[in-house]
Amino acid sequence: MKLRDITGAITDGNLPAVRQAFSLLVGPEASQIEAQSPGFRVVALNRVCGALAADAEVMPEATAAALELPTGSTYVAGAAKARRDSARLARRLMALS
């Protein structure tokens with residue numbers, strides 16, 4: 001997934017694509033997000049969290065686990081947790097090449 005895909009999904013309100021980007025960014029597959037620099041992944045995560053701040057859909061089990069949330073947690077809870085853990089997530093995203 002490319003950053004422009006994430007931006008387009010947010011702009012178009014394409015929640016399935018935004019959810020997929022969120023799962024990639026918070027999980028071990030973050031390197032699948034193509035970015036010119038790791039800092040852009042951090043920006044993308046912040047934007048995706050904003051887009052999902054009111055999304056009551058249940059996250060996949062693996063996404064919840066990556067955020068250390070219980071199975072059945074919503075994207076609302078996931079976005080809030082990602083924001084609380086932003087420093088840790090940013091360090092991990094910045095470490096990706």
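Name the single residue that is nearest to the chain's Cα centre (by Cα) among those in the range 8-28 being exposed (fewer than 14 other Cβ atoms within 10 Å of the Cβ) and farther than 17 Å from R88 by Cβ.
Result: P16.
Go over the candidates A53, A9 one by one and state the one that is of a type in the set (G, A, S), assigned to a helix (DSSP H, G or I) and out of contact with any Lys or Arg (no Cβ under 7 Å at 6 or more places or on another chain).
Only one candidate qualifies: A9.
For the range 44-69, give me each residue that is farther than 13 Å from L15 by Cβ, of a type in the set (D, E) and touching a residue at least 12 places away in the same chain (Cβ under 8 Å).
Selection gives E68 alone.
I'm trying to understand the selection: among the residues of the range 12-41, which are closer than 15 Å to A66 by Cα and assigned to a helix (DSSP H, G or I)?
From the range 12-41, those closer than 15 Å to A66 by Cα are 19-31; that's our starting set.
If the condition is that a residue be closer than 15 Å to A66 by Cα and assigned to a helix (DSSP H, G or I), then R19, Q20, A21, F22, S23, L24, L25, V26, A30, S31 are the ones that fit.
So which of L67, L52, L93 ends up being surrounded by 19 or more Cβ atoms within 10 Å (Cβ to Cβ), at pLDDT below 95 and under 13 Å from the mean Cα position of the chain (by Cα)?
One residue alone meets the criteria, L93.
Of all residues in the range 70-90 being within 18 Å of A53 (Cβ to Cβ) and in contact with an Asp or Glu (Cβ under 8 Å, 6 or more places away or on another chain), which is surrounded by the most Cβ atoms within 10 Å (Cβ to Cβ)?
Among them, the one singled out is Y75.
Can you say whether G72 is on the phi > 0 side of the Ramachandran plot and in contact (Cβ under 8 Å) with a residue 12 or more places away in the chain, as far as the supplied structure shows?
Criteria met by G72.
Return yes or no: is A44 touching a Cys at 6+ places or on another chain (Cβ under 6 Å) and either within 19 Å of V18 (Cβ to Cβ) or assigned to a helix (DSSP H, G or I) (or both)?
Criteria not met by A44.
In this structure, is A77 without any contact (Cβ under 8 Å) to a residue 40 or more places away in the chain, in a helix (DSSP H, G or I) and closer than 19 Å to I10 by Cα?
When the stated conditions are applied, A77 passes them.
The values are calculated or read from the model by the stated rules, or taken from the named source; none is laboratory data. Predicted model, so just to flag it, every value in this text is computed and none were measured. As a convention, Cβ positions derive from the backbone with ideal geometry for all residues, glycine included, and neighbour counts pool all protein chains shown.
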